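Step one of this worksheet: look at the structure below.
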Amino acid sequence: MPVGIFRVCLVVITAIVNHPLLFPKENGTVPENAEEIIQKMKEREESLRLEQLRLEQEIADQEAAQKALEKAVEVVEESKEEKVQWDMWTALSMVIFLLIELWRQDFQEGNLQDTGGEEDDMAVLGKAFKGVAFPDKAVLASFYEKRILGTTGDMARMREMVEGFADDLLEALRSVCNRDADMEVEDCMGVGSMYENWRVRKPFVCDLIVPFAPPEPYCFRSQTWCSGNSFPPDEQGYGTIKVCRADEDVTGCICDKTKLGEDMLCLLHSQANTTRPSSEMEDLLCFKNTQYLDADQVMKWFQIAVTKAWNRISHKYEFDLSFSLLDSPGALKIKFRSGKSVAFNLTPVVQYENSDVYFISHFPRRGLATDLPSSTHWFLTFAVYERRFIQLVSKMLPANGCHVSCLQILSFLHGKQCSLTGPSGLTNYHLKTVMLHLLQARPSQDWAPEKLEARLQDMLKFLEKCLHEKKLYHFFIGNGKIPAELGFPIVFQRAEPLNLFRPFVLHRDVYRKTVDTFHEMLRNMSALISEYTVHIPLAHTNGIHKESL
């Protein structure tokens, strides 16, 4: 209670002391600038209010930007998650697709290339064979004896005559050439159907290849599509030939493979050694301003050299010699005074390393023929190994094996059909490739002469399936089963298989025409064979069937 009274008293005293009337001198006047102070306070208040609004707006903008940034981050994270998921599904889909494609190719290659086993394991008869009357054994035997066997003696005589004349012509060619500046020509070799004894259609044409080499001190260094560098698909099967000095080590120095800077100099090869006059390289038959051998230049040189050689020896012969075809520069024709003529091809080639694979300047091609990528690209021919393989396998087959007979009959039928309906995408080389695959796949006893009919059907079935799949692989390229006795270069065995029917994928009109011609040949097969077959009594035919049963 006393405390409360004391507090009240203290408050009263304080109020009295601070009352304005008690001290009039000190607090009795009001400042003269009160209105100015009030105005400044209002202005200050207004500025503070505006500043507050500005800060609130900035805070709002920052919050909005923060929200937008957070939203963008969420969108990016979501897109990343979706992209990761999409990439995962894409990669998984690609892996599945590649596995399916590899399995399909392996499966088809196994069916196409490894066709051994029973006859039922061959390509299944397609629609093209339905309703086709296939000639029996007796008709085929009579047809072969009447139409084909008679040509064997003519081929042998023609080969002997052409080879003798070609040797004489090349000897004269060497004599007219400058040994120090011109190419060195070697002996010719016979290749193709005339030397594999299966050509049936006239006129007979001998194919001879002539290897040549550059004069000293130069040499050829070749590069193929399977040598490690990437080649476009349309250049597979081709290669290039570089003319170098024999003392150059183009494989041991990187200056020939890598573009050096302007301020860099190769200490092994000076500018004087690497740069040669353009005229010198052109004299070596190279493409303009390059060191690569030009096929067109080679053929021009060869034609001029052959013409000079013929002028030197023409007085010894009683016939004329001329170039017969413009699109085949090596095609020659012998014209006798009696009016008869003999055609043969004499084509310069370059040896691939130390093998019997050759770069050929111009290759006679029809059907699926395509232009060379350039005149510095040379086609590779395996004709020598093909001839050796047929000779090697023939020794392992029963006497008078029917492999050549099948190829001759098929070649005859296809040629006759093309003469009726026009050219086809198929060539005799495709037919020979089919025979080579079957020779490797089937046991030797399956090629006995009495199995001619069955093997001919096998070839037709195999060819039908290859046409359907648009795949016929080159026999040597990518084939790891080549007999070691042939000494075939391993680099080509390890290469990817080369599809000879690849142009069918690119040219559908040619493919359709080829398939139609093949089907028409099957339908006309009996009629074509009967036209050249001696009449066989029905009783004799039945007797043959009973003996075979």
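Conditions tested, residue by residue: (1) surrounded by fewer than 15 Cβ atoms within 10 Å (Cβ to Cβ); (2) under 37 Å from the mean Cα position of the chain (by Cα); (3) at pLDDT below 85; (4) part of a helix (DSSP H, G or I).
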| site | (1), (2), (3), (4) |
| --- | --- |
| 120 | yes, yes, yes, yes |
| 142 | no, no, yes, yes |
| 147 | no, no, yes, yes |
| 166 | no, yes, no, yes |
| 172 | no, no, no, yes |
| 175 | yes, no, no, yes |
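Contact map, the stretch 346-359: residues that are in contact (Cβ under 8 Å) with a residue 40 or more places away in the chain and at positive phi paired with residues that are open to solvent by 10 Å² or more (accessible area, probe 1.4 Å) and of a type outside the set (A, V, I, L, M), Cβ distance under 9 Å, separation 6+ or inter-chain. Pairs shown: 353/222; 353/489. For the stretch 180-204, give me each residue that is part of a strand (DSSP E or B) and open to solvent by 30 Å² or more (accessible area, probe 1.4 Å). Matches in the stretch 180-204: 184, 189. Considering the stretch 149-164, the residues that are among the aliphatic types (A, V, I, L, M) and outside any loop (DSSP other than H, G, I, E, B) include one that is surrounded by the fewest Cβ atoms within 10 Å (Cβ to Cβ), namely 156. The helices (runs of 4 or more DSSP H) found entirely in the stretch 397-482 that carry 3 or more residues being closer than 23 Å to residue 496 by Cα and either touching a helix residue (DSSP H, G or I) at 6+ places or on another chain (Cβ under 9 Å) or of a type in the set (Ser, Thr, Tyr) (or both) are 428-441, 452-469.
Considering only residues of the stretch 466-504 that are small (Gly, Ala, Ser) and either free of Cβ contacts under 8 Å to residues at least 40 places away in the same chain or open to solvent by 30 Å² or more (accessible area, probe 1.4 Å) (or both), which is nearest to residue 353 (Cα to Cα)? Only one residue fits best here, namely 487.
Applying the criterion of being open to solvent by 40 Å² or more (accessible area, probe 1.4 Å) and within 25 Å of the chain's Cα centre (by Cα) to the residues of the stretch 292-315, the residue that is nearest to residue 332 (Cα to Cα) is 296. So residue 233 fits all but one of (1) closer than 27 Å to residue 175 by Cα; (2) surrounded by fewer than 16 Cβ atoms within 10 Å (Cβ to Cβ); what number is the exception? Tallying (1) closer than 27 Å to residue 175 by Cα; (2) surrounded by fewer than 16 Cβ atoms within 10 Å (Cβ to Cβ), residue 233 fails exactly one: (1). Here residue 507 meets each of (1) crowded, with 18+ Cβ neighbours inside 10 Å; (2) over 23 Å from residue 352 (Cβ atoms); (3) within 21 Å of the chain's Cα centre (by Cα) with one exception, condition (1). Which pairs turn up if I take residues in the stretch 213-224 that are loosely packed, with under 14 Cβ neighbours inside 10 Å and look for partners that are of a type in the set (D, E, K, R) with beta carbon separation below 6 Å, at least 6 apart in sequence or on another chain? Short answer, once both residue conditions are applied: 217/245.
Check 95, 30 and return the single one that is surrounded by 10 or more Cβ atoms within 10 Å (Cβ to Cβ) and either at pLDDT 80 or above or not polar (S, T, N, Q) (or both). Let's see the steps before the verdict.
Numbers: 30 fails: surrounded by 10 or more Cβ atoms within 10 Å (Cβ to Cβ).
Residue meeting the stated conditions: 95.
The values are calculated or read from the model by the stated rules, or taken from the named source; none is laboratory data. A quick note: this is a predicted structure, and the numbers were derived from the prediction, not measured. Every residue, glycine as well, gets a Cβ built from its backbone with ideal geometry; the counts of neighbours run over all protein chains shown. Each accessible area value is taken on the protein alone, full model and side chains, heavy atoms only, with ligands, DNA and RNA left out. Shrake-Rupley method; radii C 1.70, N 1.55, O 1.52, S 1.80 Å.
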